[in-house]
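The values are calculated or read from the model by the stated rules, or taken from the named source; none is laboratory data. Quick caveat, the model's predicted, so the values are computed rather than measured. Please note: Cβ atoms are built from the backbone with ideal geometry, for glycine as well, and neighbour counts cover all protein chains shown. These accessible areas exclude ligands, DNA and RNA; they are computed on the full protein's heavy atoms, side chains included. Shrake-Rupley method; radii C 1.70, N 1.55, O 1.52, S 1.80 Å.
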Amino acid sequence: MLNTRYLKWGLLALVCLLNLVVYMSVFQHGGSDIGLYYKYASWMGEGFIPYRDFSVEYPPIALLIFYLPYLATHDFSGYCTAFAVEMMLFGMAGIFLVLGMARRLRVSSGVALLCYTLAVFAIGSITVQRFDLAPAVITLAALYAFCRGKFEVAWVVLAIGLMTKLYPAVLAPLFLIYQWQRDGVRRLLPSLAAFLLTLVLIAGPALWLGKGEFIHSFAVQSGRSLQLESLYASLLLLLNSLGLVSAAPVQGPMSFDVSSPLAEPLAQSAFIIMGLALFSVYVLFLRRTRRDLGLSGQSALSAETTSRIINFSMAAVAVFIIANKVFSPQFILWLCPLIPLFSGRWYKVGWAIFILAACLTWYVYPMYYLGLADGQQVVMNALILRNVLVLLLILLLVLNPSRSAVSSAGMPALATADD
């Protein structure tokens, strides 16, 4: 028993050391986005107030993440290194959260660590060239608290995630559905109050400083055209290669987009398509939750229910990514801390699909992005395949049958917040 414990701690230390080396010595630091973060941090360091004194397209917690490395150094090169350290620390936090969730799901800690490490490495340097790993780990923390029965804490963390990046909001209906079905509306109210209070405490000062600019930070993406890497753009490019429609990459004001007679209608329909797809995920989750609670006859979160919550959370995030008219390469990071917790009979297939999708994302951007912009067919094919893989991952997540070892009838309940 003692040797096994030493082996686990040794494996954890080895994974942490490997991540340290890769984050700091293998991943390339810097980039245009880091330059933007540095500019915002410099302005704040000089006493300028965001939303009041300058426009910014990010929520308040994101600005805090940008500013923290600036406290260590005012030099841009040093800032890039400090920012990479910050993302590495978020990545390390993700390791410990993955371990905690793996224990609750009764899956191998070593296998979960291996999957998490491979997923990060497959995504590549964009891990430290964007801040998206931070909201991804915060989202995982919210799920961790929720699956331990600490619902109010989970809603507070979820609100913090929403004030870092908008996408964690897609988990709110899942949290609401489960608590409503398990405990009823009355027990749900304290959680909603904690969520709203946290939003007010974070967003209130920003709204007071500059209401229009703060709202713009969330709405800026809604005015964008059909981005080149989106599912819709890849379908248009595929149809163009078959001679069925006219479509070509074009430089837009914020990114490379796709030019086509169908581009604008698809861009306008994307939000509706996303809403319908998310609604379908929520309805499926409601049905599964009712069944799980009916079979278990207990209020504690079983391993089966925990698995269901995690899988549907991943599905909701993946739908938000793939149904969006913008699919920036860093969005794949949102799934990175969650994918090691994919459980069910097809979990190995799900892991393989995600890692391949991550590798293809890295292949398209940054390796051959100019080739994609030039309309090279090989790169287009890689993009189309990546998007198809994300769609397949969603199907596996929502239709995935449970492993025989994780049955709702025979699995003991997990620990709750009262433990």
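Of the helices (runs of 4 or more DSSP H) that lie entirely inside region 184-258, those containing 3 or more residues that are open to solvent by 70 Å² or more (accessible area, probe 1.4 Å) span 185-209, 211-219. Of Pro173, Pro135, all but one fail to be within 18 Å of the chain's Cα centre (by Cα), of a type outside the set (A, V, I, L, M), surrounded by fewer than 20 Cβ atoms within 10 Å (Cβ to Cβ) and modelled with pLDDT of 95 or more; the exception is Pro173.
A quick yes/no check of all residues on (1) among the aliphatic types (A, V, I, L, M); (2) surrounded by fewer than 23 Cβ atoms within 10 Å (Cβ to Cβ); (3) more than 30 Å from Ser225 (Cα to Cα):
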position	(1), (2), (3)
Thr289	no, yes, yes
Thr305	no, no, yes
Ser313	no, no, no
Val319	yes, no, no
Ala357	yes, no, no
Gln376	no, yes, no
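For Arg106, the conditions (1) within 20 Å of Pro366 (Cα to Cα); (2) among the charged types (D, E, K, R); (3) surrounded by fewer than 22 Cβ atoms within 10 Å (Cβ to Cβ) are fulfilled apart from (1). Among the residues in region 7-16, are any assigned to a helix (DSSP H, G or I), closer than 30 Å to Glu213 by Cβ, touching a Leu at 6+ places or on another chain (Cβ under 9 Å) and not small (Gly, Ala, Ser)? Within region 7-16, none of the residues are assigned to a helix (DSSP H, G or I), closer than 30 Å to Glu213 by Cβ, touching a Leu at 6+ places or on another chain (Cβ under 9 Å) and not small (Gly, Ala, Ser). Being of a type outside the set (Asp, Glu), in contact with a Pro (Cβ under 9 Å, 6 or more places away or on another chain), over 24 Å from Ser108 (Cβ atoms) and modelled with pLDDT of 90 or more is the requirement here; does Tyr70 meet it? The answer is no for Tyr70. Quick check on region 18-36. Is at least one of its residues assigned to a helix (DSSP H, G or I), at pLDDT 95 or above, touching a Leu at 6+ places or on another chain (Cβ under 9 Å) and surrounded by 13 or more Cβ atoms within 10 Å (Cβ to Cβ)? No, region 18-36 contains no residue that is assigned to a helix (DSSP H, G or I), at pLDDT 95 or above, touching a Leu at 6+ places or on another chain (Cβ under 9 Å) and surrounded by 13 or more Cβ atoms within 10 Å (Cβ to Cβ).
Scan region 1-55 residue by residue and report those that are touching a residue at least 60 places away in the same chain (Cβ under 8 Å), under 16 Å from Ser77 (Cβ atoms) and over 22 Å from the mean Cα position of the chain (by Cα). Met24 - this is the single residue of region 1-55 that is touching a residue at least 60 places away in the same chain (Cβ under 8 Å), under 16 Å from Ser77 (Cβ atoms) and over 22 Å from the mean Cα position of the chain (by Cα). Among the residues examined, Ala315 qualifies as in contact (Cβ under 8 Å) with a residue 24 or more places away in the chain and not charged (D, E, K, R). Considering each residue of region 109-126, count those that are open to solvent by less than 30 Å² (accessible area, probe 1.4 Å) and under 18 Å from Val137 (Cα atoms), and give that number. Summing the residues that are open to solvent by less than 30 Å² (accessible area, probe 1.4 Å) and under 18 Å from Val137 (Cα atoms) in region 109-126 gives 12. Against the conditions (1) modelled with pLDDT under 95; (2) out of contact with any Leu (no Cβ under 8 Å at 6 or more places or on another chain); (3) part of a helix (DSSP H, G or I), Leu278 satisfies every one except (1).
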